[in-house]
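A short write-up of the structure that comes next.
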Amino acid sequence: MDPRKLSLQELLSYCLETQNLDAWTELVRRTRPLIAGVVTKCVLRRSRKPAPIDDLIQDTYLKLCDNNFKALRGFDFVHDNAFFGFLKVVAANVVEDYFRKKLAEKHGGGRDEEHIDDVTPVVPFRPNSLRPAELAILMGQIERCLAKLASEPNFARDHAIFWLYYGQGLTAKAISELPGIKLGTKGVESTLLRLTRYVKACLSAPPPPPKKQAFGG
């Protein structure tokens, strides 16, 4: 069997069933650019100091392989984009764990992660009814709004939660079960509610007034 001819879902199943080296090599070839991109982006967002990016990429794969590939075996493969979203969450959280550990070492102890109040959200908008051009514009506007929160400590996780829900169609329960999310269903729903309210307020904010033109007399 030629792993290069398999779909992503078939390739993942074949890897887990056979432990075939050629199949795993092909899976890494297909997924490494995405994981490397997420790791690099998260590192640059967190710090301008050098970080072991290659090691963090390897740590992401080690995370996926822990406990006899438990995370991969437990993933419910709906479509390729959902799997890519899953990999983004794992990679982002490997980076978050790295910086959290560095901070704990620097200060001699860690700090408990802040928990958002458990609130069941009433999500006021879903962009899936828009035409492609309108959807692309809206997605760009939403991403610019979210980017303003980049300095928040859990931004990588919360950003992933938002797009896994709105972009990939995963449920709050499914997102909560992904490795590295470290939130229950209610916590994911609360995060979605908070970000949805923020994005709606951001999108509805009036544009800045136009600059006055100087007219010569």
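Return the ratio Rg/(2.2 N^0.38 Å) for segment 1-106, where Rg is computed over Cα atoms only.
On the way: Rg = 14.8 Å, N = 106, 2.2 N^0.38 = 12.9 Å.
So the Cα radius of gyration is 1.14 times the expected 2.2 N^0.38 Å.
Could you sort 194, 48, 157, 29 by their accessible area in this structure, using a 1.4 Å probe and putting the largest first? Each step should come with its number before you reach the end.
Working: 194 80, 48 235, 157 15, 29 150 Å².
Descending order: 48, 29, 194, 157.
At a 1.4 Å probe radius, carbon and sulfur cover how many percent of the accessible area of segment 68-108?
C and S atoms contribute 51 percent here.
Go through segment 172-185 residue by residue and turn each phi into a ³J(HN,Hα) via Karplus (6.51, -1.76, 1.60, θ = phi - 60°); whole Hz please, and just put x for glycine and proline.
3J(HN,Hα) across segment 172-185, in whole Hz: 4, 5, 5, 5, 5, 8, 6, x, x, 5, 6, 9, x, 4.
Which lysines have a Cα lying under 30 Å from the Cα of residue 70, excluding residues fewer than 8 positions away in the same chain?
Cα-Cα hits under 30 Å: 5, 41, 88, 101, 102, 173, 182, 186.
Along segment 22-32, what does the Karplus equation 6.51 cos²θ - 1.76 cosθ + 1.60 (θ = phi - 60°) give for ³J(HN,Hα), rounded to whole Hz, x for Gly and Pro?
4, 5, 5, 4, 5, 5, 5, 4, 6, 9, 4
Sequence-distant or interchain residues sharing an amide H contact under 5 Å with residue 182, placed H: which?
none
The values are calculated or read from the model by the stated rules, or taken from the named source; none is laboratory data. Since we're looking at a predicted model, the values are computed, not measured. The accessibility values were calculated without ligands, DNA or RNA, using every heavy atom of the protein model including side chains. Shrake-Rupley method; radii C 1.70, N 1.55, O 1.52, S 1.80 Å.
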